[in-house]
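Shown next, in structure tokens, is the structure this report addresses.
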Amino acid sequence: MSAERLLQRVMAAHGGHERWRRARALRVDVRCGGAALTARFQRNAYHRYRAVLDTRRPRVRFTPFKGHHGVFTPERVWIETDQGAVVQARAHPRHFFPSWRRHIYWDALDVLYFGGYAMWNYLCTPFLWYSENIQLAEGDPWQAAGETWQTLMVRFPADWPTHCPEQIFYIDDRGYIRRHDYTARVIGPYTRAVHTCDDHRTFDGLVFPTRRRVYPRRRDNRSLPFPTLIWIDIDHIEVIDD
């Protein structure tokens, strides 16, 4: 199966590109945690929240976030009050991650950037694959739990706000994305991850996995059973159309 045919199959399984084009935002009720956040002293940063994602550009607003609202864009992150007053802000947040301090401790704006770009990518996949300059190639099939999953290699532009430029997605017989491999570079070059996607549900005509778990990835491409680096449970999604 070619990459183009596989792309079409995945799009159809997740609701179709035409349905996605009518959506301008997603309102998502989420619970999240995991060892990766605990290790950076941000265990409860995303314990329970609502995220509003712009489907046409990388922008996410989290409520509550540190007692206020957190807003992510690739160029700037900030925390604001109900009235819109900015409490904290940081321009070009990704530029700061190579510092030694961030290998030990994240502040509120660090975890806001991480959560913002991660959730925007997760919830907008697979539809963002139609974006300009994203390259797709079919990979080798993968055996999992008695099934054969097709793989899609996705290369993002160097300036794309995501975990790393090269990522792999695993697709089952229904066309659902079941696994996602990447290296979370803002955490460290050693953070090779297997991100499982399960419990797919339909919300307003679009399909999303509602149970996500992230585990360390071994050199043989299998996942370790623990620790759970990140867990994400989605309770509800509202698709907001034009």
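The values are calculated or read from the model by the stated rules, or taken from the named source; none is laboratory data. Because the structure is predicted, anything quoted here is derived from the model rather than measured. Because the Cβ atoms are built from the backbone with ideal geometry, glycine has one as well, and the counts that use them run over all protein chains shown.
Among the numbered criteria (1) surrounded by fewer than 18 Cβ atoms within 10 Å (Cβ to Cβ); (2) at pLDDT 95 or above; (3) under 26 Å from residue 159 (Cβ atoms), which single criterion is violated by residue 4?
Single failed check for residue 4: (2).
Give 173, 110 a once-over and let me know the one that is of a type in the set (D, E, K, R) and assigned to a loop (DSSP other than H, G, I, E, B).
173
Just to confirm my filter: which strands (runs of 3 or more DSSP E) fall fully inside segment 1-102 and include at least 1 residues that are free of Cβ contacts under 8 Å to residues at least 60 places away in the same chain and at negative phi?
Details: elements: 23-33, 48-54, 60-65, 68-72, 76-80, 86-91.
Here the list reads 48-54, 60-65, 68-72, 76-80, 86-91.
So residue 207 fits all but one of (1) farther than 26 Å from residue 113 by Cβ; (2) more than 17 Å from the chain's Cα centre (by Cα); (3) of a type outside the set (Gly, Ala, Ser); what number is the exception?
Status for residue 207: all satisfied but (2).
Only one of 198, 159 is within 18 Å of the chain's Cα centre (by Cα), among the acidic types (Asp, Glu) and under 17 Å from residue 233 (Cβ atoms); which?
198
Condition test on residue 94, is it surrounded by fewer than 16 Cβ atoms within 10 Å (Cβ to Cβ), closer than 26 Å to residue 26 by Cβ and touching a helix residue (DSSP H, G or I) at 6+ places or on another chain (Cβ under 8 Å)?
Criteria not met by residue 94.
Could you list, in sequence order, the residues of segment 144-196 that are among the small types (Gly, Ala, Ser) and surrounded by fewer than 16 Cβ atoms within 10 Å (Cβ to Cβ)?
Going through segment 144-196, the residues among the small types (Gly, Ala, Ser) turn out to be 144-146, 158, 175, 184, 188, 193.
Scanning segment 144-196 gives 144, 145, 146, 158, 188.
Condition check: under 21 Å from residue 241 (Cα atoms) and over 16 Å from the mean Cα position of the chain (by Cα). Does residue 122 satisfy that?
No.
Just the residues that are of a type in the set (Gly, Ala, Ser) and touching a residue at least 40 places away in the same chain (Cβ under 8 Å), please, taken from segment 150-182.
Listed by number, the list holds a single entry, 175.
Could you grab me the full set of residues in segment 186-203 that are in a loop (DSSP other than H, G, I, E, B), of a type outside the set (A, V, I, L, M, F, W, C) and in contact (Cβ under 8 Å) with a residue 60 or more places away in the chain? Can you show your working first?
From segment 186-203, those in a loop (DSSP other than H, G, I, E, B) are 186-191; that's our starting set.
After this cut, where a residue has to be of a type outside the set (A, V, I, L, M, F, W, C) as well, the list is 188-191.
Once the filter is applied, which keeps residues that are in a loop (DSSP other than H, G, I, E, B), of a type outside the set (A, V, I, L, M, F, W, C) and in contact (Cβ under 8 Å) with a residue 60 or more places away in the chain, segment 186-203 yields 188, 191.
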